[in-house]
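The values are calculated or read from the model by the stated rules, or taken from the named source; none is laboratory data. Fair warning: this is a prediction, and the values are worked out from it, not measured in the lab. FYI the Cβ positions are ideal-geometry reconstructions off the backbone, even for glycines, and counts take in every protein chain you see.
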Amino acid sequence: MGVLGVAVPERFGGIGGDAVLIEALMEEVGAALVCGPFLSSAVFAAALLENLGDAEISAKLLPQMAAGSLIAAVAVQDAAAAGTQSGVAPKARQEASGWRIEGEVAYVIHADAAHILLVAAETTEGLRVFLVEGNAHGLARSPLSTFDKTLRLSRLRFDATPARRIEARREATEALANALDLVRVALAGEQAGGARRVLDITVDYAKSRIQFGRPIGSFQAIKHMAADLLLEVESATSAAREAARLLSMGSASAGAAVSLAASVCGDAFVKVTADAIQMHGGIAFTWDHDAHLYLRRARADAQLFGTPAFHREQYLRAVGA
Amino acid sequence: MTSQTPRGSQEALRDEVRAWLHANWPGRDPEAPHGWLAKVVEGRWAVPRWPAVWMGRDLDDEHARIVESEFAAVGAPGAGQDRTNLWANTLLARGTDALKEKLVLPLLRGEVGMCLLYSEPGAGSDLASVRTRADRQGDHFRVNGQKVWTSFAATADYGMLIARTDWDAPKHKGIGFFFLPMKQPGVQVRPLRQITGESQFNEVFLTDAVCPQENLLGEATDGWGVLQTALAYERSAMGEAARGPRRGMGQSAPADDPLIALAREAGAMEDPVLRQEIAKVVILKRLNALNATRAKADMRQGSSSSLMSLGKLAMSRILHEEARVRTLILGAESLLDGPDHPRADDTNFLTLNAYFTSIGGGTDQIQRNIIGERVLGLPKEPEIDRDVPFRAVRTS
């Protein structure tokens with residue numbers, strides 16, 4: 001269907017979709033709880049390459065990524081945790097034989113399956129993004145055991161790992177920030193779509209589960225929870241779509257809208273999936289039901305690319321407060 | 001107009017409204033001049049969706065919105081009453097010919113004072129349990145009972161009244177809906193002191209009040225059906241202009257939000273914990289605006305929006321949360337009150353007045369029932385008083 005090329009420009013064999021299309025697609029990804037490196041490779045890595053704009057590397061990699069034959073992962077220190085460069089980034093040094101990378105990055109999303117890595121490393125001229133082959137010498141990938149079984153995380157160690165510097169038409173930090181905006185909108189879409197599906201499943205269950213001779217959804221204790229969750233779902237949807245709309249327009253208020261969506265959708269997905277388990281009762285305490293899978297995804301999503309609290313603070317700053 | 005393309009007819013209409021406003025609206029004056037509404041009615045702009053015989057133009061919604069937007073653009077009131085004038089719409093839909101002749105146009109011209117006589121001390125959320133009685137006596141009804149939460153009762157000419165007409169029928173099937181004349185000896189109005197100290201509402205005592213037969217809307221026992229028509233108009237009008245607290249909130253840019261202004265003044269914007277609380281409230285307000293925008297887009301596409309019914313519940317939460325966070329910001333200062341302490345006075349007022357929205361117009365709990373049942377399709381609670389004669393229904 002070409003969805004793997006959603007963030008890849010048409011000239012490189014992709015769809016060239018904007019934030020609005022990507023957000024809409026991610027609502028379905030969230031609803032269906034799609035597993036795999038879609039967000040990390042097709043959205044994050046593709047958007048980062050496109051934003052860096054190295055003509056040669058883009059022409060080589062992006063068509064393969066759009067076709068699905070190449071999976072990429074992005075290794076940014078703490079990007080998974082907070083989206084900031086607060087940790088110690090790996091160091092890159094230039095030798096006669098080329099660039100070498102030294103250091104460690106934790107929480108790299110879907111790095112285990114990646115054919116190539118985009119690594120943000122410090123140079124004497126500041127942060128730059130490097131291309132590292134998955135089978136490069138001196139690269140160690142340690143898979144981490146995760147709470148959300150559908151999310152693969154790895155710790156990467158670089159020990160004089162050979163790398164190629166990706167030429168950039170803008171500052172690497174700016175390219176990263178742009179790519180992260182798109183990733184956050186995509187993630188907000190996943191959260192909104194996932195929350196909506198979980199509410200649908202829960203409401204259906206409340207209509208069919210009979211206790212005390214009545215469907216449990218006729219009890220106000222359940223009905224009122226469902227009504228509150230609908231407000232969460234609709235608000236998350238509004239926030240994610242508005243951020244996508246403003247980002248696709250290149251609006252000056254896109255940054256604030258992205259932070260707003262990231263905080264709202266992150267919290268909403270956790271709230272809806274957590275309450276859904278309570279409303280289901282015993283059946284959701286088992287692996288016979290999918291409810292726990294959504295809760296696991298929601299709790300993981302709320303940590304990726306900045307927590308809701310982080311984004312609330314970012315929102316205030318973006319609106320000048 | 002029908003011979004033109006839709007686009008052409010819209011442009012022609014827009015030009016016609018503009019020309020009329022240019023000739024008649026005095027411009028920047030914020031107050032509408034005396035007799036303005038009569039002029040709007042005469043110009044056939046007050047109710048453009050209505051038929052010509054009632055000073056309308058038979059316009060569809062899309063064209064009628066053009067009239068409203070042109071009036072709004074110059075700040076002129078009076079257009080779009082076919083959506084917003086609760087009284088005239090209800091009367092036109094369900095009134096007797098005699099009463100329509102007498103009141104519809106005066107209502108559009110704003111010449112008739114109106115109030116609502118629905119709630120009673122014993123019939124709040126459960127409105128169908130009203131015990132005010134209307135007994136038929138020849139060519140009129142005699143009305144006895146007590147109503148409450150009535151705004152403008154002291155100045156009203158008529159009250160839209162629901163009263164029990166058949167005590168042997170189940171509660172929804174023995175109610176009549178009336179335009180009760182308010183200026184008569186059997187109607188006594190007493191102001192209520194509200195939780196905020198204001199007196200916006202009244203109690204109304206009805207003692208052998210007289211209501212002519214022609215002031216009955218629909219059948220004498222179909223008042224519940226008429227009430228649903230009236231409530232639908234009321235909700236539609238309220239959805240357009242939700243009442244906020246007395247000081248401005250909601251529409252401003254986030255950085256100009258009064259909550260942030262207060263926090264700055266009180267030095268709370270330096271406190272990371274308070275910043276989180278403040279951000280949550282500012283974001284809730286922004287979400288409500290975004291939801292409202294989506295609801296309007298849904299409505300334009302002709303689908304009724306589930307978002308519409310969420311707005312009131314969302315507003316309740318915003319108002320209570322804002323009051324809570326203002327209190328956090330002020331700390332001990334919120335112990336104070338009155339004009340010498342305006343920040344505390346505001347905060348304490350908002351704390352109490354938040355219940356206006358979470359109780360009035362259907363409590364949050366009733367609102368959650370409505371959302372659960374009508375939007376999510378969850379089954380209703382069993383109603384043990386639904387099909388029994390009202391006489392036999394238990395009361396507190």
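At a glance:
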read-out: Considering residues of the range B:361-396 that are facing chain A (nearest Cβ under 9 Å), aliphatic (A, V, I, L, M) and in a helix (DSSP H, G or I) only, the residue farthest from B:L117 (Cα to Cα); value: B:V375
read-out: For A:A236: the one exception among (1) surrounded by fewer than 24 Cβ atoms within 10 Å (Cβ to Cβ); (2) within 10 Å of another protein chain (Cβ to nearest Cβ); value: (1)
read-out: Single residue of A:A192, A:A221, A:A179, A:A276 found to be under 30 Å from A:R93 (Cα atoms) and more than 10 Å from every other protein chain (Cβ to nearest Cβ); value: A:A179
read-out: Check on A:G255, surrounded by fewer than 24 Cβ atoms within 10 Å (Cβ to Cβ), at positive phi and more than 15 Å from the chain's Cα centre (by Cα); value: no
read-out: Selection within the range A:249-273 - away from chain B (no Cβ under 13 Å), of a type in the set (S, T, Y) and in a helix (DSSP H, G or I); value: A:T273
read-out: Residue list for the range B:315-337, restricted to those being hydroxyl-bearing (S, T, Y) and within 14 Å of chain A (Cβ to nearest Cβ); value: B:S316
read-out: Residues of the range B:274-314 that turn out to be more than 25 Å from A:A254 (Cα to Cα) and more than 8 Å from every other protein chain (Cβ to nearest Cβ), as a count; value: 10
read-out: Test: residue in the range B:339-358 that is assigned to a loop (DSSP other than H, G, I, E, B), within 23 Å of the chain's Cα centre (by Cα), of a type in the set (S, T, Y) and at pLDDT below 95; value: no
read-out: Residue tally, condition touching a residue at least 40 places away in the same chain (Cβ under 8 Å) and more than 30 Å from A:D200 (Cβ to Cβ), over the range B:355-381; value: 3
read-out: Single residue of the range A:189-215 satisfying the filter (out of contact with any Gly (no Cβ under 8 Å at 6 or more places or on another chain) and hydrophobic (A, V, I, L, M, F, W, C)) that is surrounded by the fewest Cβ atoms within 10 Å (Cβ to Cβ); value: A:F212
read-out: Some residue of the range A:283-293 being in a loop (DSSP other than H, G, I, E, B) and among the hydroxyl-bearing types (S, T, Y); value: yes
read-out: Every pair of residues 6+ apart whose Cβ atoms lie under 6 Å, when the first sits in the range A:297-321 and is closer than 11 Å to A:D267 by Cβ and more than 14 Å from chain B (Cβ to nearest Cβ) while the second is of a type in the set (G, A, S) and buried (at least 21 other Cβ atoms within 10 Å of the Cβ); value: A:A302/A:G266
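Per-residue answers, yes or no, for (1) under 30 Å from B:V41 (Cα atoms); (2) without any contact (Cβ under 8 Å) to a residue 40 or more places away in the chain; (3) assigned to a helix (DSSP H, G or I); (4) under 19 Å from the mean Cα position of the chain (by Cα):
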| residue | (1), (2), (3), (4) |
| --- | --- |
| B:R83 | yes, no, yes, yes |
| B:T90 | yes, no, yes, yes |
| B:L99 | yes, no, yes, no |
| B:L107 | yes, yes, yes, yes |
| B:C115 | yes, no, no, yes |
| B:D135 | no, yes, no, no |
| B:R142 | no, no, no, no |
